[in-house]
1. Tell me, which residue of the stretch 126-151 that is more than 16 Å from the ligand (Cβ to nearest atom) and of a type in the set (A, V, I, L, M, F, W, C) is farthest from the chain's Cα centre (by Cα)?
2. Just need a number here: residues in the stretch 270-301 that are under 23 Å from THR330 (Cβ atoms) and either out of contact with any strand residue (DSSP E or B) (no Cβ under 6 Å at 6 or more places or on another chain) or of a type in the set (Ser, Thr, Tyr) (or both).
3. Assess whether PRO119 counts as being under 30 Å from ARG325 (Cα atoms), away from the ligand (no atom under 16 Å from the Cβ), at pLDDT 95 or above and part of a loop (DSSP other than H, G, I, E, B).
4. Within the stretch 70-92, count every residue that is among the basic types (Lys, Arg) and assigned to a strand (DSSP E or B).
5. With respect to VAL212, is the statement that it is assigned to a strand (DSSP E or B) and under 17 Å from PHE132 (Cβ atoms) true?
6. Check ARG102, ARG98 and return the single one that is of a type outside the set (Phe, Trp, Tyr), in contact with a strand residue (DSSP E or B) (Cβ under 6 Å, 6 or more places away or on another chain) and within 16 Å of the ligand (Cβ to nearest atom).
7. I want to confirm something. Restricting to the stretch 60-91 and keeping residues that are at negative phi and exposed (fewer than 14 other Cβ atoms within 10 Å of the Cβ), which single residue is farthest from the ligand (Cβ to nearest atom)?
8. Of everything in the stretch 250-298, what is among the charged types (D, E, K, R) and either in a strand (DSSP E or B) or under 20 Å from the mean Cα position of the chain (by Cα) (or both)? Give them in sequence order.
Amino acid sequence: MRDPFTNHSFLVTKENKGRGKNVSNRHLTRREFLKLCGTGCCALSVAQLFGLPNTLRAQRPQKGLIKTKLSPYFTSLGGGRIQCELCPRRCLVPKGERGFCRVRENRDGQYYSLVYGNPCAIHLDPIEKKPFFHVLPATTSFSIATAGCNFRCKFCQNWEISQAFPEDVYNYEVPPEIMVTKAKEMGAHSVAYTYVEPVIFYEYMVDIGYFVKKAGLLNVMHSNGFINPDPLRDLCKVLDAANIDLKGFTEKFYRELCDGELNPVLETLKTLKQEKIHVEITNLVIPTKNDDMAVVKTMCLWVNKELGADTPIHFSRFYPLYKLRNLPPTPVSTLEKARAVALSSGLEYVYIGNVPGHEGENTFCPRCKKMIIQRIGYMIGEMHLEKGKCAYCGKPIPGIWM
Ligand code: SF4
C-alpha cells in the first residue's frame, strides 16, 4: 500500500513542534542553529507520528474514499449538461462524466467536487519548503493535498497524486474543522494548500480557510494560478499568501509542456496584488525549455512593472523526472544567470531554490545590501529583522512577519 505521507515528510518532535516560536527578530545561537538543522534534515514519515485527534485516531487511509460537495461554480446548459466555471478551462461536462481535473463530476445536471474532505497527503513542512521566504520564517505549515490537477505538466514533481483519480489514491477522511484542530495541535502557524493544484479542491480549501482564520493561523497556497477571477476573489477573503508558479513566459511553453495557458496566470497575479495578498513567484528553470535569458528578462520586467520590484521570485532547480527524465538537472550557473538578470531588471528579492547552501537562498536588504535572513535549505540561521524592517537600516521588508 502506498502511504500518502511518505513524500516530503518532516520530523515532528517536541523540539520542532511550534518551530520558530522563539527565533524571530534575533540570532540563533550556534547550538540552536545546529539543532534546527539536525531535526529538519531528518526525514521521517509523519504518518508514524501523526496522532490524529480522538475522532480519527483509528483511521487508516482508504483507497476509493470519496466525499462530495456541490460546486458553487458551474452553469447548467440544459439537457443535463453543465459548464464548469472554476478555472479558465471551462470544461463542458455531459451527465455522468468528469472534468479535465478528474475530481469534478456531473451528477444529474449538478456539478460536484469529489475531493471535499478526503486528502491524500498531509504533512508538517517548514514554510520555506512551499517556498515562502517572506512569511513567518522558521515556522511550520500544515500542508495538504487531494488527488487531481487542472494542468498536465510534463515535469510534475507530484504526478502520482496530481495525475490520479481520487479513487486511485489512499485518502483520509478529514472534515475542515478537524484539519484546523490538528494543525494547531502540531504547532503549525499556517495551513498550506499545495503539492497538487489546490484550485481543484477549491470548496475544501475555502471551508478549511474559514476555520483557519478563526483559529488565528494563516492560509497559504502554492498554485499554478489557473483560476477564474470570481472564485479567485472569493478565495482572497480567506487567503493570506500565495506562491504562484510562473512556469515560463510564453504561451508555447504553457501549451506544450503544461497543457495550460499563460495569460490567465498573469491575470491571477495581478488580481492577487490588487486584493493585497502577499505574493511570491516560483520559476522552475528547465534546461532547453525555458532557460532563454532574453525570455527570463521579459518575464522579470513584467513582474517589476505589473506586480512591483518588491515581489520575491524563486528560480528553482529542475531535476529530471516524470516525462522529462531525458533532460539534465539545471546547471547552477544557469540559475545564477537568471538571478543576475532578475536583479538587473530591478527585482529586489531574487532567490535560488533547490540548491541548499547557495548564497541565493538568503535575503538581502535592497537598501543597505546587508544579509538579513540566512538560510541553509529549509533552515533559518541568522535573522536581522525588527518588526518587519531591516535591523541595520530600517527599510520595511515586504511579507508577513512575527
Ligand atoms: S476546475 Fe476542473 S472541471 Fe472545472 S474547468 Fe477546471 S479542469 Fe475543468
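The values are calculated or read from the model by the stated rules, or taken from the named source; none is laboratory data. Just so you know, these numbers come straight off a predicted model, no measurement behind them. Backbone-built Cβ (ideal geometry, glycine too); neighbour counts: all protein chains shown.
1. ALA138
2. Count: 16.
3. Details: under 30 Å from ARG325 (Cα atoms): yes; away from the ligand (no atom under 16 Å from the Cβ): yes; at pLDDT 95 or above: yes; part of a loop (DSSP other than H, G, I, E, B): yes.
Yes.
4. Residues of the stretch 70-92 that are among the basic types (Lys, Arg), as a first pass: 81, 89-90.
Within this subset, residues satisfying the condition of being assigned to a strand (DSSP E or B) are 81.
Selection size over the stretch 70-92: 1.
5. Judged against the criteria, VAL212 is not a match.
6. Working: ARG102 fails: in contact with a strand residue (DSSP E or B) (Cβ under 6 Å, 6 or more places away or on another chain).
Answer to the selection: ARG98.
7. Step by step, filter the stretch 60-91, then rank; the result is ARG60.
8. ASP259, GLU261, GLU267, LYS270, LYS273, GLU275, LYS276, GLU280 - these are the residues of the stretch 250-298 that are among the charged types (D, E, K, R) and either in a strand (DSSP E or B) or under 20 Å from the mean Cα position of the chain (by Cα) (or both).
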